[in-house]
Each structure stands twice: as structure tokens, then as C-alpha cells.
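All remarks here apply to the structure that follows.
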Amino acid sequence: MAQKSQNALLTGASRGIGKAIADGLQARDIPYLGQSTKGGDSLLASDFSQSNAAKLLWQEALDRSEGNIDILINNAGLFKASPLDQSHDEWCADWQETMMINLTASAELCRLAVRHWQERGCSGRIVNIASRAANRGDSPQHWHYAASKGGMVAMTKTIARAYAAQDIYAFAICPGFTMTGMADDYLESRGGDKLLADIPLGRVAQPEEIASIALYCALDAPPSMTGAVLDANGASYVR
């Protein structure tokens, strides 16, 4: 059982998977600070499309948790179509925004967390919410999304290999379609029933299912699991 003295920082905590993770942390009496772009409802406001946002969020989270964060869960993400036939500048702008939010901000927070644990000489855990797209790819309008999630998985493996001896552990979770606002829009745009036919389970995941995996990695998974990349996609992509 995780100790109640642990503190967690959770990004993308306002809805979907992030909200389900927040509810799970609360149910386990784990103090946490949640982030969303606009903040509100006790959430810290941080817009990861801005270059200094991750650093400022980390410092605010440290200040509010008496200088002690033990768990980092990177869940914030952007899923935005970028048609190949739009202007080159527009396509590049979409790519940059998605990379900033999905990968660069997560990388900055991971770095700050690892340095924090190294300086304190203590253990820590990182859970990165990636995507099935990291392994399978995505639609022609989502090169940037697939690339950002593939980068997140590679980053997680690198952290796990580099710092396991320091009791710093990292895990990645790769959900398929999950019943969130982003997935709803995508399902509708892709024909819904036709897309579901590609999922042997016959349905998309519920946020609580993905949250249960994230909570296990953050609180209960044995150290030997560090570096694990966990799929949760209804067998729509198996490796």
C-alpha cells in the first residue's frame, strides 16, 4: 500500500482519463495537484503551448506541496487534425503546437522531476500517458500526434534505463480509443461503427480502465516493471 505522505502532480486533470486518475488518487488518499490549461476547480492553470509553462507549473507545484513531489503523471495532450493539403506554414504550426503540448512539456516535467529526486536522494515515479498511435501510427491528418506519442514512449524507456539504479521508475501507457471528448470527436469523424469493428473487444475503453493502470504504475507496480509500456486498446493493436 502506498504511503499517504506521497505527493503527485497530474497534468490534464480536468476531464476524461485525467479526471479518472484524479478521482482514483483521491480515493487512495494520495495528495495531488492537478493541471489544466485554464485551471479552476482547484486545478493549477498552465498552457503547455507556451514555452515556459512546464517550468512554472513545476515550481508552483513544489511550492504548494512543501517542496516534495514523489509522482509525476503526464496526461495532458492535444489531438488536432492537420490536413496535409493545408498551407505549409499552417501544417508546421500544428506540428509545433502538438509537439509542445504532447511531448516537450512532458519532457521538461520529467527532467525537473528526475533532478528533484536526484537532489533529494529519494525515489520517484513517472507515468506517461501515450497512445496506441505510438506503435501503430495514426491517420494521414495526425502525423504529429503519432510522432509525439512515439517520442513519449522512447523517452519513458530512456528514463527507465538511465535512472533505475537510483530508484527512479518510469512507465508508459498506450490507450487505444477511450471515451473522452477527444475520442468522441474522432469516432464520429471516422464513421463510429466502422471504426469500432476494428476493436475485437467491441467497444472503446472507459477512462476508469486507463486510470486503474496509471494508478497501479504510480503506486503499486514493482520496481522490476520500470520501463514497461502497457497497451490498453481492446486488442485493436497487439505486439
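Where a number appears in this text, it was derived from the coordinates with a stated rule and is not lab data. None of the values given here were measured: they were computed from a predicted structure. In this analysis, Cβ positions are derived from the backbone assuming ideal geometry, glycine residues included, and neighbour counts consider all displayed protein chains.
Here are some notes:
- Report summary: the helix-based calculation at 222 nm, which adds -39500 (n - 2.57) for every DSSP H run with n ≥ 4 and divides by the residues of the chain, gives -12500 deg cm²/dmol.
- Between 0 and 90°, nearest 10: helix 53-64 axis offset from the chain longest Cα axis: 40
- In order along region 228-239, the Karplus-derived 3J(HN,Hα) couplings, from 6.51 cos²θ - 1.76 cosθ + 1.60 at θ = phi - 60°, round to 5, 10, 9, 8, 8, 9, x, 6, 6, 8, 10, 10 Hz, and Gly and Pro are given as x.
- Amide H within-cut-off set for Leu230, under 5 Å, with H built and near neighbours excluded: Ala172, Ile173, Cys174
- Summing Cβ point charges (Lys, Arg +1; Asp, Glu -1) relative to the Cα centre of the chain gives a dipole of roughly 620 debye.
- Against the compact-protein benchmark of 2.2 N^0.38 Å, the Cα-based radius of gyration of region 62-205 scales to 1.19.
- Nonlocal amide H pairs with Tyr169, under 5 Å, H built at 1.01 Å: Gly124, Arg125, Ile126
- Neighbour net charge for Gln96 - beta-carbon separation under 13 angstrom, K R +1, D E -1: -3
- Take every pair of alpha-carbon atoms less than 8 Å apart whose residues are at least six positions apart; their mean separation over the length of the chain yields a relative contact order of 20 percent.
- The phi-based Karplus calculation (6.51 cos²θ - 1.76 cosθ + 1.60; θ = phi - 60°) puts the 3J(HN,Hα) values of region 96-103 at 4, 5, 5, 5, 4, 6, 7, 10 Hz, whole numbers, x for Gly and Pro.
- For region 1-144, alpha-carbon Rg over 2.2 N^0.38 Å: 1.11
- J(HN,Hα) series, region 167-178, from Karplus relation 6.51 cos²θ - 1.76 cosθ + 1.60, nearest Hz, glycine and proline x: 6, 10, 10, 9, 9, 10, 10, 10, x, x, 5, 10
- Whichever aspartates and glutamates have a C-alpha closer than 15 Å to that of Lys157, once near sequence neighbours (fewer than 8 apart) are set aside: Asp167, Asp231
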